[in-house]
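The values are calculated or read from the model by the stated rules, or taken from the named source; none is laboratory data. Here the structure is a predicted model, which is why all the values come from computation and not from measurement. A quick note on method: Cβ atoms are made from the backbone with ideal geometry, for glycine too, and the neighbour counts reach across all protein chains shown. Remember, those area values only see protein heavy atoms, side chains included, never the ligands or the DNA or RNA. Shrake-Rupley method; radii C 1.70, N 1.55, O 1.52, S 1.80 Å.
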Amino acid sequence: MGFKISRRRLIKGAGVLGAGAVLAACAPATAPAAKVSGKVTYWHHYTSESEFAGLKAGEQLFAKAYPDAQVESLNIPNADFMAKFTLAVQGGGKPDTTMISSDRVPDMVGMGGLVDLTDRINKWEQKKNFPAKFYDAATINGKMYGVPSFMFVDWMYYRKDWFDEKGVKAPTTLDEMFDAAVKMTDPAKGRFGFGMRGGAGGQGLVVQVIRAFGSPLVDASGKAALDIAKTTDALKWYSELYTKAKAVPPSVTNDSFRQILEAFQTGKTAMLWHHTGSLADVQSFLGTDGAKFMSIPRPKGPAAVVNDVSPSYNGIVDKKNEEAAWAWVNFWGQKDAQIALMEKTGYVPSNSEAAKDERITKNPYYTAAFSALSTGTTAPQFAGQPGWQNSVVLPTFQRVLLGEVTPAAAAQTLAKGLEDAIAGKLK
Amino acid sequence: MSFTSIRSSQKATQRLFDAIAYAIVAFMLVFALGPLVWTAFTSIKPEKDIVTNEMQYIPLHPTLEHYVTLWNRAGVVTMFRNSAFTTAVTVVLCLLVGTFAAYSISRYRFRGRGGLLTFYLIIRMFPVVLMLLPLYIMLRSIGLLDTVWGLALTYTTFSMPVSLLMLKGFFDAVPADLEDAARIDGCTRFGALFRVVIPLARSGIAATSVLIAVGAWNEFLFALMLTNSDGSRTWPVVLQLMVGEFQLPWGLIAAGGMTSILPIIVFFAFAQKSLVRGLMVGAVKG
C-alpha cells in the first residue's frame, strides 16, 4: 500500500509545522518542565529599591511561565534573617523556599531547615551551565541544598577620569596599584588614592591581601598554617598605603563599607575594593557611561590574584508544595531570571548561558566580573574563622595602621590567634 | 560702695547667670532638636545633595520625592495602619486591665500581693529574645501568629507590668479618705473608682498611656518575628527594611523617620499637659 499525500495536505502540514516552530521560538526560555500550581512562599533579604525591582521583574517572568502558581515573597532584614528563620524552623510556620547566603548553609542544614535537592539538581537540564565549584558552598556531606541564583564577585572600582587625567594605566598588580594610589593622592584637591576599609568589615580584605602574598591560612589537615614572612610582607604592603604613602583618608580605622563607598562616590578616593553588589549604588552617583569610573579585576599579588566569588542560593524549606517550590527555586537559576535581576541590581548571573547574553557582553562593567568568574577564588572556610577575623585580624591590623605594632609583630599575633581560634581557645 | 553700685553689680551678676542659663538651655535644645532638624532637612534633600563632598546644611533644592517614594512603596499604608491599630489596642488593653489591677493592688491587702507585683517585675527581667520561641509557638497554636491582634496581645503582655506599677503609684497618691467619703455618700466601690480615683489620677493615666503608646509604636523585634506577611507587619519593620545591604537611601530613611515620629508628636501635643503633670506627680510623691 503506497503512502500518498496531496499537495493541499502537504501545504497544510507545512503550515502547522511552521506555526509550531514560530510558537516554539517565541516561547519563553523559562518554559515550565512540569505543570505546577498553588502558592509558594519565599523568604529573602532583598531590601533596597533596586533589589525589589529585580525581584519584581523575576516574579513577573515566573508568573508568565507558571500562570497557575503564585509567589508570596517576604523580605527580612539580613541581620535578623537567621533569627527569624530559626524561629520558623523550630516553632513551625516555615516558608516553602528561601534565599541562602553561602556562609549560612551549614547552620540552615544543621537545624533541618533545608531540603536535599541533590536528585533534582542532578536531573536538572540547567545543571551543566554552572561550574561544579558554584555548588560547593551549598553542598554538605555530598548533598546539595541550593541552586545558585547570582554571584557576588570581588572586583575593584577606579576613577577612570582621574587616571586618564594623570596618564596612569589601570593597575593589574598590587605594586602598580600602590604606585597609582600615590599618584592619585592630591591633598590640595582633597583626593586620596585608595579607600581602605580599616573599620568594620575590613578584616576580610586584610586576609585577602595575605592570601595574595601567598600565605595559606590552614593546611590540608585543618591546622593553622600562616606563613609569617609572607604575612609580614602583606601587612607591610597594605598598611604602608596609609602609614607611608598617606594615600588613604586619615579616618581609615573608622571607615567601614558606607564610608569607603561614599568617599568614592563623592570624589574623595580614586580606587575602591568591593564586589559586584555595589555597582548599582556607584552608578547612581558616577553614571553608567563608563566616563567617570570603571570596574576591573582585583590586582594580582606577588603570589596570586585573589578575587573571591560567593554565590547566593535559593533552596526549598518545606515540602508541602514541593513541585511549585522547585519550579521557583530552579527558575532563579535560569538565564532570563538572572539577567532580569542583574539589569535592576547589577548582581552577576551564575548561569554561564547568561554570560553569553549581549546584555552582559556589551556591558563593559561586567567584563571584569566575568573574567573573574573563570579564575575566581573562594574564601577558605574553617572552624573559628569568623572569630579570628573579627577579634584578631581587624584590631591587630588597626594597630599596625596606628603605628602601635610593626607588621612583623602583627603577623606573629595573627598566627597565634589563628592557632587559638582553630583550637577553640580564642578569648 | 554705694547702694546703687551694689544694686547694679547684683543686676550684672544676675544678667551673667541668666546668660549662662540661657546658653546652657540653648545648647541642650540644639543637642536635643539638632538630630530632628537634621533628619527633617535630609528628608527634603535630593539624594545627590545628601551624600556630598562638602556638607550642605540647608536644603538648597527642597523636594518631596522621598515622601512620594515612601508613599508609593508597596504595603506602606497598610503597615502604618497596622501600627496605629496595634498601638491603640495595646493602650486600651493595658489601661483597662492595668487600672483595675493597679487599683486592687493599691487599695486591697491580700495574700500574695507582694508576690504578684514581683511576678510582674520578673516578666520584665527576662530578655525578650528568650521569650520569642514560646510566644511564637503559643500564638501559632491559638491562630494569632501573623495577626495584628497577636502583636497587640504581645505588646500588652510586656507593657502591662510597667503600666501596672506606674498606675499603682498614681492611685497610691490619691488619698483613700476621698474614696471613703464618696462611699459614705452612697458610691459603690466601682462608683468611687470611676467618679473619684480615676478623675484625680487622670494625669498619671495619660502619662502611662503615652509611654505605652510610644513603646508599642516603636517596637521592632516582635513586629518582625511574629508576623509573616505585609498584611500584619508594622511601621518599624518598614523603616528597618529601608536599610539595604549595599545601598543606604538616606533621604528615604529620613522621610520614613519623620513620618514615624509625626503621630507621636501629635499625641504628645494633645497629652502634653497631662503627661507633664502626671510625671511630676510621680516625681514628688513620697
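List of remarks:
- Once the Cα gyration tensor of segment B:1-100 is diagonalised, semi-axes √(5λ) in Å: 47, 30, 8
- Taking the inverse of the mean reciprocal distance over all distinct Cα pairs, the Kirkwood hydrodynamic radius of chain B comes to 22.6 Å.
- Helix-only CD estimate at 222 nm, as mean residue ellipticity for chain A, using -39500 (n - 2.57) per DSSP H run (n ≥ 4): -13500 deg cm²/dmol
- Under 5 Å, built H, 5+ apart or other chain: amide partners of residue A:73: A:42
- Rounded to the nearest 20 debye, the dipole magnitude of segment A:328-391 is 60 debye, with +1 charges on Lys and Arg beta carbons, -1 on Asp and Glu beta carbons, and the Cα centre as origin.
- Average silhouette area of segment B:144-276, convex hull of alpha-carbon atoms, in square nanometres: 10.5 nm²
- Cα-Cα pairs of chain A separated by more than 38 Å (percent): 30 percent
- Per residue Cα convex hull volume in Å³ - calculated over segment A:304-403: 171 Å³
- Residue by residue along B:246-255, Cβ atoms of other protein chains within 10 Å of the local Cβ number 5 on average.
- Each residue of segment A:134-144 is assigned a 3J(HN,Hα), and the resulting list reads 5, 8, 3, 5, 9, 10, 10, 6, x, 9, 9 Hz, derived from the Karplus form 6.51 cos²θ - 1.76 cosθ + 1.60 (θ = phi - 60°), x at Gly and Pro.
- Estimated dipole of chain A in Debye, rounded to 20 [Cβ of Lys and Arg +1, of Asp and Glu -1, Cα centre]: 1100 debye
- Think of chain B as having a plus end and a minus end, set by charges on the Cβ of Lys, Arg, Asp and Glu; of B:262, B:9, B:110, B:110 sits farthest toward the positive end of this dipole.
- Other protein chain Cβ atoms within 10 Å, averaged over every residue that makes up A:47-59: 3
- Selection from A:170, A:113, A:152 lying farthest towards where the dipole of segment A:113-182 points positive, charges on Cβ: A:113
- In segment A:251-358, taking the dipole from charged Cβ atoms about the Cα centre, the farthest positive-side position among A:285, A:332, A:261 is held by A:261.
- Heavy-atom accessible area ranking, 1.4 Å probe, most first, across B:122, A:316: B:122, A:316
- Mean Cβ count within 10 Å, highest first, over the residues of peptides B:213-226, B:70-83: B:213-226, B:70-83
- Max mean-square fluctuation residue, GNM over chain A, Cα-Cα springs under 10 Å, options A:101, A:312, A:37: A:37
- Taking packing as the residue-averaged number of other Cβ atoms within 10 angstrom, the listed peptides B:155-162, A:91-98 run from highest to lowest as A:91-98, B:155-162.
- Among A:333, A:222, A:214: highest mean-square fluctuation, GNM of chain A, C-alpha pairs under 10 Å: A:222
- Extension gain for residue A:78-residue A:371 works out to 102.6 nm (0.36 nm per residue, less the C-alpha to C-alpha distance).
- Averaged over peptide A:71-84, the number of partner chain Cβ atoms lying within 10 Å of each residue's Cβ comes to 4.
- Residue order for B:99, A:173 - accessible surface, 1.4 angstrom probe, largest first: A:173, B:99
- Remark: C-alpha extents of the protein assembly as shown on the principal axes read 116, 94, 56 Å, sorted largest to smallest.
- Helix-only arithmetic for chain B: the sum of -39500 (n - 2.57) across DSSP H runs with n ≥ 4, divided by the residue total, places the mean residue ellipticity at 222 nm at -25000 deg cm²/dmol.
- Only Lys, Arg (+1) and Asp, Glu (-1) charged, at Cβ; segment B:65-284 dipole about Cα centre in debye: 580 debye
- Mean Cβ neighbour count within 10 Å, used as a protection proxy, ranking A:45-55, B:37-47 highest first: A:45-55, B:37-47
- For segment B:3-43, alpha-carbon Rg over 2.2 N^0.38 Å: 1.91
- Whole-number percent relative contact order across chain B, with pairs defined as alpha carbons under 8 Å at least 6 apart: 29 percent
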